[in-house]
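Peer 1: To start, I am sharing the structure in question, which I have written as structure tokens.
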Amino acid sequence: MQLDRTRLPGRVLHGLITLSGIGVVLLPCLWAIDPFDWLRATMIFDQFLAIELALALGFILWLRARNVAASLSSGLHVLAGLVALGAGLFLFHHFSGEAALFIMPTPTLLSVSVVLIAVTLLATLLTSGPMMGLLLLGVLIFGYLAQFFPAPFNAASVDMKRYTVYLVFGGNGFLGRTLGVIAGTVTIYIIFGAVYEISGGTAAIDALARKMSRRGRGMAIKATIVSSGLFGMVSGSASSNVLTSGAFTIQAMRRFGLSGAKAGGIEAVSSTMGQITPPVMGAAAFLMADLTGLSYGSIALAAAIPAVLCYAVMFVQASWLAGRIEVGEAAPRPAPEGGAGDQDLPELAWRDLWHLLPVIVIVTVMFKGDRMTEMAGIGGIAAALLSGWILHGPSELWTRIKGAAPRTYTTTASLVIAGSALGVVLGVLGMTGLDVSLTLGIREIGETSLLLSLLLTALSAMVLGAGMATTGVYIVVGTLLAPGLVALGVPLIAAHLFVLYFGVVSMITPPVAFAALAASGISGASFTKTAWEAMRFGWIIYVLPFVFVYAPELLMVGDSIRIVAGLVGAMTGILAVDRFVAGEARVMSGVAAICVLFSAYALFAPAENAIMSLTAAILSAFGIVFLKSIDARVTKTVGVAAGED
């Protein structure tokens, strides 16, 4: 049974859990604010990471101790948490002195290293599951054994003791750059997402989407695409976002007439799209800025056009599905029993516009400079708290904060631990040179065929990204795979977005497809059918990365004429394909097909033919306008005929 909080051991354990959880959440915020540089005058960044990791480890292990039934297991977890806290305090003291400048495998440092590795591995298993735990264990073993491998996978000879100590004290392992980005930046936006939900912002978005679903052609599907995309953008996990928003959106789509598998597939794709939608991109944008050296603003701007194109294609498909239902090709299916009816839809008022304040604050502050990312998140948190105070009052807001605090503690601590584990992955890859070997391998294949190299990179990204959160996916694929594409001449931003897209798309690609699995659990449909429907509806996510590698103008790379031609060609191409596939009159389909050809030329024409590309894009746009004018005339004629009848 669980420990009784009314008894002394239970109260002490509850206190440890609460204090460590508060510390994990507040410390990154305090480090980001630090108006008088008090913290930075007291400690260095490595000390901040040591304390943050120790608090996260302690929280997870003590939380596990409270929830397990066996008293022996509970006691061991409590002890492991105390040991983790002790190791963190030792690291804090060690980094404050001159001894931190020299990494010597002394018995003390070796003992602390073994302890920290053990408790981090245990906490990784508890928070991220066996897949991540086995990955960490396998990387640790590989890092040492690589010195015995044949070329080109062999590494420099290293002693076991020195290897173990370096992973903890060397600054490129458990306390490496990955943990720095996650603890210093990403956690702030996780906290913002929690506070925004507390203030009622996510509920307002969901209410708006559900009301939109009652109006217009396919609005139930389009509302799902928008709302789930927005939730997924800040959640950092497609599968958890499905579980949060899917309970409403899947039922709304089933009321509209979609099957359970199709509704679940659309929800899975929409939540996955949120991970590659700027400005947050599931926190991957901040990591990308760190890995590439590009400014955050340039990354968000480059990622915006592909995201808009993906949403445009999905909106077009939503209209197709709505048309099929309206003409009876897809028989409406009732929502599952217990689903909310229209009378349960919440009301929206003008006062809900307060929920725009945090978004405005984040965007305004973020684009003031490349180093304002953390302060933008802090400003968003403050604005969300202010809007919650105004809308709900201090008493209700405090009640909501207390209710959401445990979940926020757990999410933040789990992310910090995952960041530490992934830092080891990158550290070992750098030590062994495997990242360089993979880069050279991709480059060698690319010398024969860039397309083949892209296909192998895409497949590798989907395998490496299976079952991992967005931040973890990008850290692995951005370090392992992107440099190989850059070496082939692919623009830096295109290479990193390419591997991010295919790392994230593993969430809807069998056999793992965690987002589809979560959606199938809500809809009651088959996992296989749900994953297949997700892949069908989200086909653009598989295709678009290849397009922007060959046409980097879609990422705002190149001269202005080519960029304009590429953007116009991409949008008109989507509309033309919609008209061509719709199977209209032969003349209309012929015009649409010509528009598709013009759009393709605008995208993929040689760089020296910039004027021709722009001309083709303009002709394609004129063709779309012509088709729209024909539609308007037909609609007017039908309306007049109906009036005469």
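The values are calculated or read from the model by the stated rules, or taken from the named source; none is laboratory data. The structure presented is a predicted model; accordingly, all values stated were derived computationally and were not measured. Here the Cβ is made from the backbone with ideal geometry for all residues, glycine too, and neighbour counts use every protein chain on show. Heads up: the accessible areas ignore ligands, DNA and RNA and are worked out on the full protein's heavy atoms, side chains in. Shrake-Rupley method; radii C 1.70, N 1.55, O 1.52, S 1.80 Å.
Peer 1: What relative contact order, as a whole-number percentage, does the range 27-165 give when Cα pairs under 8 Å and 6 or more residues apart are counted?
Peer 2: Details: 112 pairs, mean separation 29.8, N = 139.
Contact order relative to length: 21 percent.
Peer 1: Say R0 is 22 Å: what FRET efficiency, to the nearest 0.05, do L356 and A304 get from their beta-carbon distance? Walk me through the numbers on the way to the answer.
Peer 2: Numbers: r = 19 Å, r/R0 = 0.87.
For R0 = 22 Å, the calculated efficiency reads 0.70.
Peer 1: In terms of the Cα gyration tensor, with a ≥ b ≥ c the square roots of its eigenvalues, is the range 476-572 rounded because a/c is under 1.5, prolate because a/b exceeds b/c, or oblate? Walk me through the numbers on the way to the answer.
Peer 2: Details: a/c = 4.02, a/b = 1.76, b/c = 2.28.
Note, shape of the range 476-572 comes out oblate.
Peer 1: What's the carbon and sulfur percent of the range 1-148's accessible surface, probe 1.4 angstrom, rounded to a whole number? Intermediate results must be reported in sequence, preceding the final value.
Peer 2: Working: 5610 of 7610 Å².
Reported share for carbon and sulfur atoms: 74 percent.
Peer 1: Accessible area per residue of the range 53-133 at 1.4 Å probe, in Å²?
Peer 2: Values: 3710 Å² over 81 residues.
Normalised by residue count, the accessible surface of the range 53-133 is 46 Å².
Peer 1: Length gain on complete extension for the stretch S449 to T18, per 0.36 nm per residue less the alpha carbon to alpha carbon distance? Display every interim value, and only then the final one.
Peer 2: On the way: separation 431, 0.36 × 431 = 155.16 nm, distance 5.59 nm.
Answer, rounded to one decimal: 149.6 nm.
Peer 1: Further question on the same structure: Calculate the length of the line joining the C-alpha centroid of the range 126-140 to that of the range 24-56, in whole Å.
Peer 2: Cα centres, the range 126-140 to the range 24-56: 27 Å.
Peer 1: Right, another one. Provide R255, R162 ordered by accessible surface of protein heavy atoms (probe 1.4 Å), highest first.
Peer 2: Reading off the accessible areas and sorting them downward yields R162, R255.
Peer 1: Calculate the FRET efficiency for Y550 and V625 from the Cβ-Cβ distance with a Förster distance of 22 Å, rounded to the nearest 0.05.
Peer 2: Calculated transfer efficiency: 0.20.
Peer 1: Related question: Taking a spot 7 Å from the Cα of T42 along the direction of its beta carbon, which residues of the range 89-125 have an amide N less than 19 Å from it?
Peer 2: Output list for this probe position: 89-97.
Peer 1: Are any of the pairs K222/K529; K222/K402; K222/K628 more than 32 Å apart by Cα-Cα distance, and if so, which?
Peer 2: Values: K222/K529 21 Å; K222/K402 34 Å; K222/K628 21 Å.
Pairs exceeding 32 Å: K222/K402.
Peer 1: Measuring from label point to label point, each 7 Å out along Cα→Cβ, what is the A487 to L89 span in nm?
Peer 2: 4.7 nm
Peer 1: Now for a different question. Using a Förster distance of 45 Å, how high is the FRET efficiency between N609 and S111, based on the Cβ-Cβ distance and rounded to 0.05? Can you show the working numbers first?
Peer 2: Values: r = 66 Å, r/R0 = 1.48.
With a Förster radius of 45 Å, E is 0.10.
Peer 1: Turning to a different aspect of this structure: Rounded, prolate or oblate: which one fits the range 1-145, using the alpha carbon gyration tensor with axes a ≥ b ≥ c (rounded when a/c is under 1.5, else prolate when a/b beats b/c, else oblate)?
Peer 2: Working: a/c = 1.89, a/b = 1.20, b/c = 1.57.
In terms of gyration-tensor shape, oblate.
Peer 1: Let me ask something additional. Using a cut-off of under 14 Å, list every residue of the range 604-629 whose amide N is near the label point 7 Å from the Cα of I561 along the Cα-to-beta-carbon line.
Peer 2: 605-618
Peer 1: Once you have a ≥ b ≥ c as the square roots of the Cα gyration tensor eigenvalues for the range 70-168, tell me rounded if a/c is under 1.5, and otherwise prolate or oblate according to whether a/b is larger than b/c. If you can, show how the numbers build up before the last one.
Peer 2: Numbers: a/c = 2.69, a/b = 1.20, b/c = 2.25.
It comes out oblate by the Cα gyration axes.
Peer 1: Using alpha carbon coordinates only, what is the Rg to Rh ratio of the range 117-156, with Rh defined as the Kirkwood radius? Before the final figure, lay out each step's value.
Peer 2: Numbers: Rg = 12.5 Å, Rh = 11.0 Å.
We get a ratio of 1.14 for the range 117-156.
Peer 1: Starting from the 7 Å offset along Cα-to-Cβ, what nm value, one decimal, do you get for the label separation of W320 and D159?
Peer 2: For W320 paired with D159, the spin-label model returns 6.4 nm.
Peer 1: Continuing with the same structure: Of the peptides 399-408, 49-58, how do they stack up when ordered by the mean number of other Cβ atoms within 10 Å, highest first? All intermediate terms of the calculation are to be shown ahead of the outcome.
Peer 2: Values: 399-408: 14.1, 49-58: 27.9.
In decreasing order of mean packing, 399-408, 49-58 become 49-58, 399-408.
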